[in-house]
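A quick write-up on the structure given underneath.
The values are calculated or read from the model by the stated rules, or taken from the named source; none is laboratory data. The structure presented is a predicted model; accordingly, all values stated were derived computationally and were not measured. Neighbour counts are summed over all protein chains in view; Cβ atoms, including those assigned to glycine, are modelled from backbone coordinates with ideal geometry. Quick note on the areas: whole protein, heavy atoms, side chains included, nothing else; ligands and nucleic acids left out. Shrake-Rupley method; radii C 1.70, N 1.55, O 1.52, S 1.80 Å.
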Amino acid sequence: MGSYREISPGVYSVGVIDWDRRLFDELIPLPDGTSYNAYVVGGGEKTALIDAADPPFAEALLDNLEALGLDRIDYMVANHAEQDHSGAIPAILERYPMALVVCTPRCKELLVDHLQIPAEKFLTVEDRSTLSLGGKTLEFLYTPWVHWPETMVTYLKEDEILFPCDFFGSHYATSDLFADPKIIYEPAKRYYAEIMMPFRAVIRKNLEVVDSLEIKMIAPSHGPLHPDPSFIIEAYRDWSSEEVKNEVVIPFVSMHGSTRLMVDHLTGALIARGIGVRRFDIAVSDVGKIAEALVDAATLVLGTCTVLAGPHPNAAHVAFLANALRPKTRFATIIGSYGWGGKTVKAIQEAIPLLKVEVIEPVLAKGLPTAEDYQALDQLADEILRRHRELGIA
């Protein structure tokens, strides 16, 4: 049985909730599920569907459109070509063959490649172009690299609603149509960390595009809607800035306890110096939580034991992810234990070429940490404090 909800006169939320999904892109944990939001905008002359759904949910989306009594769709607006939003478009076009897919020229290329939609089914739009539905006007604004090269946002001028697709979204399954800032802040920050953070410089430029609009509501394609746009816009402005906080993130893995002893000691030393610490046992931690912690932290300390002369694979995985996510972290170092030798430091450093950080001298112990190793960790805490003070954050 389909369902829909009106968010403004003639504007309906018709998306579907994916309560049980626990992994995205075969990489990103989804502890709270997600949703694939889609919106119908009905004008006096034409009707538009903005964004679609993941392929397994195509029938659920069609059920929602049927429940709304929709017998015609003139325009299928595709803000973004990724399949969790575009995958149901072929099913939409089969049910509503009169519809044209509205998107950027680059998005058309991707949709032809990924979904094999016939080229004649497209209406490509330029930046800041408009489309009248009769009493309701859609404006299309290019926002490249949020988070693919073809992305745009759609603005409903009369209702002052922004449909930004992945921009301002959150992986959060809920029956609540509108976001509670106290609840959605963490899922939205996590979503930003996992998906948007590598593009934060471009995000800042695209926030200027958003700032040019009068917005009463933001209706993303994942998670609840934002009836207070300033909440999520200001959060993005903070997260995408180059300002860091007096925090150290310590992801670590320890096979026989030596590295854990070192992490315990450094954690206490940092706290004693007034530095915030967020630590994660990589073997049991959610990598999304680690990514979220990296959004603001000034320093990353990767703790790893040694396996076959190199870092533990789990630690190498976190280094690889940090390199891909490119947080604004300013400093990084490595602590850990080894049995007889190895190239752990070299391997980790080679894994993070895109991480623009100053590397602080690592602390490695042979076997169980000694009094000298603990002293070196205290000196490391002093050095981190000094660097944070130079930034004016401690």
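Looking at Asp159, Asp166 in this structure, which one is open to solvent by 10 Å² or more (accessible area, probe 1.4 Å) and among the acidic types (Asp, Glu)?
Working: Asp166 fails: open to solvent by 10 Å² or more (accessible area, probe 1.4 Å).
Exactly one residue qualifies, and that residue is Asp159.
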message = Condition check: touching a helix residue (DSSP H, G or I) at 6+ places or on another chain (Cβ under 8 Å), in contact (Cβ under 8 Å) with a residue 60 or more places away in the chain and over 20 Å from Leu100 (Cβ atoms). Does Leu162 satisfy that?
response = yes
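Select from the range 230-271 the residues that are among the aliphatic types (A, V, I, L, M), touching a residue at least 60 places away in the same chain (Cβ under 8 Å) and within 30 Å of Leu364 (Cβ to Cβ) and list them in ascending order.
Narrowing the range 230-271 to residues among the aliphatic types (A, V, I, L, M): 232-233, 235, 244, 248-250, 253, 255, 261-263, 266, 269-271.
From what is left, the residues that are touching a residue at least 60 places away in the same chain (Cβ under 8 Å) are 232-233, 244, 248-249, 253, 261-263, 266, 269-270.
Of everything in the range 230-271, those that are among the aliphatic types (A, V, I, L, M), touching a residue at least 60 places away in the same chain (Cβ under 8 Å) and within 30 Å of Leu364 (Cβ to Cβ) turn out to be Val244, Val248, Val249, Val253, Leu261, Met262, Val263, Leu266, Ala269, Leu270.
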ask   = What number of residues in the range 1-37 are open to solvent by less than 80 Å² (accessible area, probe 1.4 Å), more than 16 Å from Gly169 (Cα to Cα) and under 16 Å from the mean Cα position of the chain (by Cα)?
value = 1
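Looking at the structure I just gave you, is Ala324 surrounded by fewer than 20 Cβ atoms within 10 Å (Cβ to Cβ) and assigned to a helix (DSSP H, G or I)?
yes
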remark   = Listed by first then second residue, the pairs whose first member lies in the range 378-394 and is under 14 Å from Thr329 (Cα atoms) and open to solvent by less than 50 Å² (accessible area, probe 1.4 Å), whose partner is at pLDDT below 95 and among the polar types (S, T, N, Q), with beta carbons under 6 Å and at least 6 positions apart or on separate chains, are none
inquiry  = Testing Gly339 on (1) closer than 16 Å to Phe280 by Cβ; (2) surrounded by fewer than 19 Cβ atoms within 10 Å (Cβ to Cβ); (3) over 29 Å from the mean Cα position of the chain (by Cα), one condition comes back false. Which one is that?
reply    = (1)
task = Filter the range 169-203 down to the residues that are of a type in the set (Asp, Glu) and either assigned to a loop (DSSP other than H, G, I, E, B) or modelled with pLDDT under 95 (or both), then identify the one that is surrounded by the most Cβ atoms within 10 Å (Cβ to Cβ).
result = Asp176
